[in-house]
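As structure tokens, the structure follows; a few thoughts come after it.
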Amino acid sequence: MLRISKTKDYLLKNGEPFFYLADTVWAAFANLSVERWQGYLKFRRTQGFNAIQISILPITHDTSTSKKNAHPFLLNGDGNWDFYRLDEAYFDKAERMVSMAVESGFVPVLGVVWKNYVPGTSASQRSPIPSAMPLDAMKAYAKYAAERFKKYAPIFFISGDTAWDSDEEPLHYMAALEIVRRICPDSLITMHLGTRSVLPDDFAEKVDFYMYQSGHSPEQKTPYELAKRHQEYAVKRPVVNGEPCYEGHGRGQTLTRFRAYDVRKATWQSLLSGAKMGMTYGGHGIWSCHSDGMGFVNPTWKFVPYDWEEALRLPGAWDVAYAKWLFEHFELFDLNPVDVLVREDEEVAVSSTPDRTRIALYAPHAYDVALKLDLSGYRCEAFDLENRRPFVPTVETGSSSTVYLSMFNSDALFLAMK
């Protein structure tokens, strides 16, 4: 079982800090075979991932599609899903996949009700099939799902892409949350929020940690802006970026894709701006479990995903795993954002322990950074993050100190330790 640290900044496993490193595989139950799942688990475990985020139900308005997709509900006379009749074969497969993940050392992180299942939401209106569930059907399903997966000690996120664009959302989400909490009192519970969403106080009091998504828009200020926003909630909780820009995903209305660099930038800006519970990765093709030949609902804005096997080996996953290693190796869990830049730069993230014995700085570009700190007596190390290569930085100390990071044309992490 995972627990929350006394400082409410991160998770604990067996009493030790646990860096949550999750992969995003929303559509695994609907789109992926058990045989391919086994190979996926082995590869991600080799990389150091320890959690897997899956939506229990298909995200009908945003997914890869084929005639082979599995369905969680039986059909009614109109050929649509009958939300009062679950397809046991779908959930048998889902449970087998969760069991395999747990046996491989992963924490299953299961989404209960994505926003397309709530009446009146924009997602339910865009869904190519009727997906809005009546409240009583949703309650029965939430009870079934909680009871079915309880034995695997999952983390549950109640809502997906929460936008609060329907009056029904608070009612549906709170009902699901209370059902899951009653049946699985030892499981951690959160909400997966959209980029512009704020968590109401009544939900903040009931969740165990905050999960936001920094999204896939061209302007990428959200990783650090949302980390800071969630630190300002009245109820303090650990914070994690549960959906950064996906590697290979289209960059909004542009003709470019997000690269490994964008993933690293979102990772370190999140971690050093207050979202230090861990980090989530997403590969375009992994999250939707896409195979060549499948259809895709939004190719114009997002681009057609890579085939699953190709997306699995995108380099950004190694970069996020490297961030986990650095965070654990240098014991950075107690860092908090500090305002010590001589020249303000919102893209540069700086964090420090309360006693200033460890300081971490992320620079997204190769330039020199001046700090309102005297780094005399500190042991300084730095890392060229593009090549995952350590180097000895030049540091000019005094009443303020300058860290010279311009010798490598890449983003860099700088550490100062006493």
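The values are calculated or read from the model by the stated rules, or taken from the named source; none is laboratory data. Since we're looking at a predicted model, the values are computed, not measured. Every residue, glycine as well, gets a Cβ built from its backbone with ideal geometry; the counts of neighbours run over all protein chains shown.
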Can you report the number of residues in region 227-264 which are out of contact with any strand residue (DSSP E or B) (no Cβ under 8 Å at 6 or more places or on another chain) and either crowded, with 24+ Cβ neighbours inside 10 Å or within 27 Å of ASP307 (Cα to Cα) (or both)?
7
Is it the case that GLU309 is under 22 Å from LEU21 (Cα atoms) and modelled with pLDDT under 95?
yes
Pull up region 116-157, narrow it to residues that are surrounded by fewer than 19 Cβ atoms within 10 Å (Cβ to Cβ) and free of Cβ contacts under 8 Å to residues at least 40 places away in the same chain, then point me to the one that is farthest from GLY194 (Cα to Cα).
LYS151
Could you please find all residues in region 334-384 being in contact with an Asp or Glu (Cβ under 7 Å, 6 or more places away or on another chain) and of a type in the set (S, T, N, Q)?
THR353
Restrict the check to region 144-158 and report whether at least one residue is touching a strand residue (DSSP E or B) at 6+ places or on another chain (Cβ under 8 Å), at pLDDT 95 or above and of a type in the set (Val, Ile, Thr).
yes
Output the residue which, of all residues in region 371-418 that are of a type in the set (Lys, Arg) and either under 23 Å from GLU344 (Cα atoms) or touching a residue at least 60 places away in the same chain (Cβ under 8 Å) (or both), is surrounded by the most Cβ atoms within 10 Å (Cβ to Cβ).
ARG388
Can you find a residue that is under 21 Å from the mean Cα position of the chain (by Cα) and surrounded by fewer than 20 Cβ atoms within 10 Å (Cβ to Cβ) anywhere in region 167-188?
no
Options TYR20, TYR40; residue that is surrounded by 16 or more Cβ atoms within 10 Å (Cβ to Cβ), farther than 20 Å from PRO305 by Cβ and aromatic (Phe, Trp, Tyr)
TYR20
Taking the residues in region 234-248 that are over 14 Å from the mean Cα position of the chain (by Cα) and modelled with pLDDT of 95 or more as candidates, determine which candidate is nearest to LEU413 (Cα to Cα).
GLY248
